[in-house]
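This report concerns only the one structure given below.
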Amino acid sequence: MPDDDMQSLVVRLRTIEQERDAWRSRCAGLASERDEEREAARRLRGSGSYRLGRGLVRLARDPLRLMRRRGRGPATPRRRTVKRPPQARLYVAIGLDLDRLREFTGTVRRRLLVEPDHRAVILTDNPEFSLLRGSGVILEYLPDRATWERHRPDRPWDVVLSERLSRLFAEHDATDVVFVDPERPPTLPEMLDTTPPGRTSLQQS
């Protein structure tokens, strides 16, 4: 290649490099200006005067909007009330034959119809208790003393009864227990009394 052509090519390359550097410098300057504009816009949006001006513009576009919002007033959250079930009362009806157990269960049901202030849980040792399942009360079963001692003489029946009462008391979240006299179950007027005979309060702290 002749020297003149080589020199021209070198000059051309230098010119292109200079133009490239000029464009790079120009782009860097534009990027810096862009970043400065973004920062200025961010500060402006965060200023109180900007928010005030924006609010005035919205008000000018919709003058009734502010009145509608003020007329509504602050929204008050609605509280959902959870209805808690009544507390349980444990009736220990040990030693009642089927007729007396049926009568006592009916008395308890009528008592709850008159004043449904608790849930009734009846513990019985009558093996025919399943015949009273539809009475509207909760029936729990414990084998009678003779049956228990015949099959499990290694564990005293009184201890089993105490453990069973403690477990039922906790499972049903009972507040008191009533021991029913098998010879004279309480009547409806007696059960409507605030302190019926045979009632033992076991309020927990």
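The values are calculated or read from the model by the stated rules, or taken from the named source; none is laboratory data. Because the structure is predicted, anything quoted here is derived from the model rather than measured. Every residue, glycine as well, gets a Cβ built from its backbone with ideal geometry; the counts of neighbours run over all protein chains shown. Note: accessible area is taken over every heavy atom of the protein model, side chains too, but ligands, DNA and RNA are not part of it. Shrake-Rupley method; radii C 1.70, N 1.55, O 1.52, S 1.80 Å.
Let me check I've understood the local charge: for residue 158, count other residues with C-beta under 12 angstrom from its C-beta, Lys and Arg +1, Asp and Glu -1. What total comes out? Could you put the intermediate results ahead of the total?
Numbers: positive: 145, 155, 164; negative: 149, 163.
Net of charged neighbours comes to +1.
Could you give me the ³J(HN,Hα) list for the stretch 147-155, computed from phi with Karplus coefficients 6.51, -1.76, 1.60 and θ = phi - 60°, whole Hz, x at Gly and Pro?
Once θ is set to phi - 60°, the couplings for the stretch 147-155 become 5, 5, 5, 6, 9, 9, x, 6, 10 Hz.
Do any GluC sites (Glu not before Pro) in the stretch 97-203 lie in a loop, going by DSSP, with at most 13 other beta-carbon atoms within 10 Å of their beta carbon, and if so which?
Numbers: sites: 103, 128, 140, 149, 163, 171, 183, 190; in loops: 128, 183.
Here the GluC sites (Glu not before Pro) that fit, given the DSSP loop and packing criteria, are 128, 183.
Given H placed on each backbone N at 1.01 Å, which residues far from residue 92 in sequence or on other chains put an amide H within less than 5 Å of it?
Under 5 Å from the amide H of residue 92 lie the amide H atoms of 123, 178, 179, 180, each far enough along the sequence or on another chain.
How would you classify the stretch 117-186 from its alpha-carbon gyration tensor, with a ≥ b ≥ c the square roots of the eigenvalues: rounded for a/c under 1.5, else prolate if a/b is greater than b/c, otherwise oblate? Present the calculation step by step, with values, prior to reporting the outcome.
On the way: a/c = 1.82, a/b = 1.40, b/c = 1.30.
It comes out prolate by the Cα gyration axes.
How many percent of the accessible area of the stretch 88-190 is carbon or sulfur, using a 1.4 Å probe? Don't skip to the answer; put the middle values down first.
Numbers: 2860 of 5430 Å².
After summing per-atom areas, the C and S share lands at 53 percent.
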